[in-house]
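The values are calculated or read from the model by the stated rules, or taken from the named source; none is laboratory data. None of these values were measured; they are calculated from a predicted model. Don't worry about glycine lacking a Cβ; one is built from the backbone with ideal geometry, like all the others, and counts go over all protein chains shown.
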Amino acid sequence: MLAGTTKDQKTLDELEWIQVVRTELNENANIKQPKGAIQKFKENPLVPIGATATVAALSYGLYNTFIGNSQMAQYMMRSRVAAQAFTIIAMVGGLIVMGKKPSTDV
């Protein structure tokens, strides 16, 4: 089809809405990038501390089970449950605090 013909101009006019939508999307593109792990750790440092304590208690408890020290293994498994509870409380507390923060989205 030759450029400048009436049929070509009519097709361009019909598809003009695509250009309008594209420009509006580009103007309104305030998409936030997902937060990295380090930024999340800085926002709520108690969660990684609790997760590390949970893994440490579990690992040491399993080691004691393997070597036959059942008393220490039992103590470490109870410590693991406490560390898990601490982590869950820290996560819920962080969600509550973030929910009360005023939103900076425009």
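Would it be correct to say that L62 is modelled with pLDDT of 95 or more and not charged (D, E, K, R)? Yes.
Return the residue satisfying two criteria in turn: it lies in region 22-48 and is surrounded by 10 or more Cβ atoms within 10 Å (Cβ to Cβ) and of a type in the set (A, V, I, L, M, F, W, C), and of such residues it is modelled with the lowest pLDDT. Once the filter is applied, the top-ranked residue is F41.
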